[in-house]
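Undergrad: I have a structure I would like to understand better, so I am pasting it below and will then ask my questions one at a time.
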Amino acid sequence: MATTRGGIITGWGIGVPDNVVTNEDLSARMDTNDAWIRERTGIRERRIGGTTSQWAIEAGLAALERAGRRPDEIDAVILATTTPDQIIPATSATVQDGIGVPGGAFDVNAACSGFVYALTTAHGLLAIGAERLLVIGSETLSRVTDWDDRSVAILVGDGAGAVVLEAVDGPGQLLSWNLGADGSLRHLLKCDHGGFLYMNGKEIFRKAVRVVIDSAQKAITDAGLTADDIDLMVPHQANLRIISAACQRLGIPEEKAVVVIDRYGNTSSASIPLALADALDAGRLNKGDKVLLTGFGGGMTWASAVLHWGG
Ligand code: ACO
């Protein structure tokens with residue numbers, strides 16, 4: 001990638017509700033059961049509650065602390081979310097104020113691909129002179145969920161993950177990126193004003209596997225790598241079966257994929273940074289590792305990026 005100024009992630013953090021909702025809790029309310037949910041999705045429990053700005057602020061502050069940076073050292077907050085606290089203003093305004101960042105703030109909505117879209121956009125800002133950015137994925141899907149609709153209610157979770165991205169001379173960590181969309185498929189996953197989340201799960205499943213493989217493969221090739229070179233894969237956490245199918249077809253062993261869907265469910269834009277933070281906290285990333293981030297979501301959208309950790 002031709003750039004003279006890149007970025008490196010220097011801090012990360014998460015913010016999630018304390019309230020744990022298990023599959024058993026949901027079974028008491030609707031016609032479903034723990035075995036079905038685990039087998040079909042890989043989810044055991046999810047965190048529910050709060051607001052998108054609340055978890056974004058918590059995750060953002062944790063990432064700043066980890067990076068050893070003060071809020072006033074950040075040039076902009078980029079918040080990926082598909083469940084804003086309100087339509088206007090952007091939720092990033094609440095987050096900017098809550099954290100005390102003096103710089104700019106804007107939201108990115110590319111549904112579950114949002115965090116990779118935001119991270120890619122952030123690298124563009126670094127290339128034209130920004131020094132430090134806070135990139136956050138935060139969601140409260142529970143607020144747009146019909147809790148009597150088992151086709152959606154069993155899947156969703158709330159929370160946020162954040163990273164601090166700092167400019168460096170040279171190419172930085174980002175080796176490649178791939179963003180895509182097909183708006184003719186927007187009817188598959190949607191939420192109208194005042195409505196609830198609707199999805200055609202089967203159709204999304206089918207399409208998701210295809211687009212994720214294609215996007216991830218392009219990003220790996222553009223990075224000048226092959227699947228064998230990928231040390232860690234951080235996929236969007238929509239369904240464990242989608243993650244398994246993607247690993248299989250990409251030729252990446254499943255042990256290399258980070259899985260947090262069992263604990264958090266599908267947290268849309270927050271799922272990739274939540275999984276990345278989990279892998280970092282568990283010491284799964286070493287200097288020099290090649291990391292594949294890849295996801296898909298409503299729109300439909302898809303996005304992948306390959307990072308050279310510590311590069
Ligand atoms: N509990 C128990 N049984 C259920 C449930 C449930 N929650 N939901 C459906 N069933 C039943 C169905 O009625 C059906 O029964 P039948 O065979 O007697 O007719 C059977 O289970 C199978 O249902 P399917 O809908 O075929 O189940 P499937 O294996 O497709 O799994 C799922 C459904 C989990 C939704 C899957 O399709 C999926 O994960 N799709 C992708 C979802 C996704 O990635 N969304 C994108 C992101 S979401 C976002 O952006 C917020």
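Undergrad: Can you name the residue in segment 89-103 that is among the aliphatic types (A, V, I, L, M) and outside any helix (DSSP H, G or I) and, of all such residues, is most open to solvent (accessible area, probe 1.4 Å)? If you could, list the steps in order and put the result at the bottom.
TA: Our first condition is that a residue be among the aliphatic types (A, V, I, L, M); within segment 89-103, this holds for 90, 93, 95, 99, 101.
Filter once more, so that each one left must be outside any helix (DSSP H, G or I): 90, 101.
On the way: Ala90: 39, Val101: 5 Å².
The selected residue is Ala90.
Undergrad: Could you check Ile136 against (1) surrounded by fewer than 19 Cβ atoms within 10 Å (Cβ to Cβ); (2) of a type outside the set (Ser, Thr, Tyr); (3) under 20 Å from the mean Cα position of the chain (by Cα) and say which number it fails?
TA: Exception for Ile136: condition (1).
Undergrad: Also, I was wondering about something else. For segment 11-29, which residues satisfy the criterion of being touching a residue at least 24 places away in the same chain (Cβ under 8 Å), more than 9 Å from the ligand (Cβ to nearest atom) and of a type outside the set (Phe, Trp, Tyr)?
TA: Filtering segment 11-29 down to residues touching a residue at least 24 places away in the same chain (Cβ under 8 Å) leaves 11-21, 23, 26, 29.
Still in the running and more than 9 Å from the ligand (Cβ to nearest atom): 11-21, 23, 29.
The answer is Gly11, Gly13, Ile14, Gly15, Val16, Pro17, Asp18, Asn19, Val20, Val21, Asn23, Arg29.
Undergrad: Condition first: open to solvent by 10 Å² or more (accessible area, probe 1.4 Å) and hydrophobic (A, V, I, L, M, F, W, C). Now tell me which residues in segment 271-295 satisfy that. Steps first, answer last, please.
TA: Pass one, segment 271-295, residues open to solvent by 10 Å² or more (accessible area, probe 1.4 Å): 278, 280-290.
Once the filter is applied, which keeps residues that are open to solvent by 10 Å² or more (accessible area, probe 1.4 Å) and hydrophobic (A, V, I, L, M, F, W, C), segment 271-295 yields Leu280, Ala282, Leu285.
Undergrad: Can you tell me which residue among Leu175, Leu225, Leu189, Leu250 is farther than 24 Å from Ala63 by Cα, of a type outside the set (D, E, K, R) and open to solvent by 40 Å² or more (accessible area, probe 1.4 Å)? Break it down stepwise before answering.
TA: Values: Leu175 fails: farther than 24 Å from Ala63 by Cα; Leu225 fails: open to solvent by 40 Å² or more (accessible area, probe 1.4 Å); Leu250 fails: open to solvent by 40 Å² or more (accessible area, probe 1.4 Å).
On inspection, the qualifying residue turns out to be Leu189.
Undergrad: Could I ask something else about it? Name the one entry in Gly161, Gly170 that is more than 21 Å from Pro273 (Cα to Cα) and of a type outside the set (Lys, Arg). Working first, answer last.
TA: On the way: Gly161 fails: more than 21 Å from Pro273 (Cα to Cα).
Going through Gly161, Gly170 in turn, just one is more than 21 Å from Pro273 (Cα to Cα) and of a type outside the set (Lys, Arg): Gly170.
Undergrad: Collect the residues in segment 124-143 that are assigned to a strand (DSSP E or B) and within 17 Å of Ile74 (Cβ to Cβ), keeping them in residue-number order.
TA: Keep residues of segment 124-143 that are assigned to a strand (DSSP E or B), which gives 132-140.
Residues satisfying the conditions are Arg132, Leu133, Leu134, Val135, Ile136, Gly137, Ser138.
Undergrad: Another question, if that's okay. Report, ordered by the first and then the second residue, all pairs with beta carbons closer than 6 Å, sequence separation of six or more or different chains, a first member in segment 30-45 that is farther than 17 Å from Thr267 by Cα, and a second member that is polar (S, T, N, Q).
TA: Taking only residues 6 or more apart or on different chains, the pairs are Asn33/Ser27; Asp34/Asn23.
Undergrad: Condition first: hydrophobic (A, V, I, L, M, F, W, C) and not in a loop (DSSP other than H, G, I, E, B). Now tell me which residues in segment 104-123 satisfy that.
TA: Going through segment 104-123, the residues hydrophobic (A, V, I, L, M, F, W, C) turn out to be 105-106, 108, 110-112, 115-116, 118-119, 122.
Across segment 104-123, the qualifying residues are Ala105, Phe106, Val108, Ala110, Cys112, Phe115, Val116, Ala118, Leu119, Ala122.
Undergrad: Being open to solvent by less than 50 Å² (accessible area, probe 1.4 Å) and either under 27 Å from Trp147 (Cα atoms) or within 16 Å of the ligand (Cβ to nearest atom) (or both) is true for just one of Thr81, Thr120. Which residue is that? Walk me through it before giving the result.
TA: On the way: Thr120 fails: either under 27 Å from Trp147 (Cα atoms) or within 16 Å of the ligand (Cβ to nearest atom) (or both).
Exactly one of Thr81, Thr120 is open to solvent by less than 50 Å² (accessible area, probe 1.4 Å) and either under 27 Å from Trp147 (Cα atoms) or within 16 Å of the ligand (Cβ to nearest atom) (or both), namely Thr81.
Undergrad: Right, something else. Exactly one of these conditions fails for Lys202: (1) without any contact (Cβ under 8 Å) to a residue 24 or more places away in the chain; (2) over 30 Å from Gly49 (Cβ atoms). Give me its number.
TA: It is condition (2) that Lys202 fails.
Residue by residue, here is whether (1) outside any loop (DSSP other than H, G, I, E, B); (2) among the basic types (Lys, Arg); (3) open to solvent by less than 40 Å² (accessible area, probe 1.4 Å) holds:
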{"site": "Asp18", "(1), (2), (3)": "no, no, no"}
{"site": "Arg29", "(1), (2), (3)": "no, yes, no"}
{"site": "Thr32", "(1), (2), (3)": "no, no, yes"}
{"site": "Ala35", "(1), (2), (3)": "yes, no, no"}
{"site": "Gly50", "(1), (2), (3)": "no, no, yes"}
{"site": "Ala56", "(1), (2), (3)": "yes, no, yes"}
{"site": "Ala59", "(1), (2), (3)": "yes, no, yes"}
{"site": "Ala63", "(1), (2), (3)": "yes, no, yes"}
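Undergrad: Please report, ordered by residue number, the helices (runs of 4 or more DSSP H) entirely within segment 217-311 with at least 2 residues that are among the polar types (S, T, N, Q). Before you say what the answer is, go through the steps one by one.
TA: Values: elements: 240-250, 261-264, 271-281.
Of the helices (runs of 4 or more DSSP H) lying wholly inside segment 217-311, those with at least 2 residues that are among the polar types (S, T, N, Q) span 240-250.
Undergrad: Can you tell which of Gln217, Gln237 is open to solvent by 10 Å² or more (accessible area, probe 1.4 Å) and among the polar types (S, T, N, Q)? Even if it seems obvious, please write down each step before you answer.
TA: On the way: Gln237 fails: open to solvent by 10 Å² or more (accessible area, probe 1.4 Å).
Exactly one of Gln217, Gln237 is open to solvent by 10 Å² or more (accessible area, probe 1.4 Å) and among the polar types (S, T, N, Q), namely Gln217.
Undergrad: Does Thr83 satisfy the criteria of being at pLDDT 95 or above, touching a helix residue (DSSP H, G or I) at 6+ places or on another chain (Cβ under 8 Å) and assigned to a loop (DSSP other than H, G, I, E, B)?
TA: yes
The values are calculated or read from the model by the stated rules, or taken from the named source; none is laboratory data. Not measured: the values here are computed from a predicted model. Methodologically, a virtual Cβ is constructed for each residue, glycine included, from the backbone with ideal geometry; neighbour enumeration extends over all protein chains shown. The protein model used for the area step is the full one, side chains on, heavy atoms only, and it has no ligands, DNA or RNA in it. Shrake-Rupley method; radii C 1.70, N 1.55, O 1.52, S 1.80 Å.
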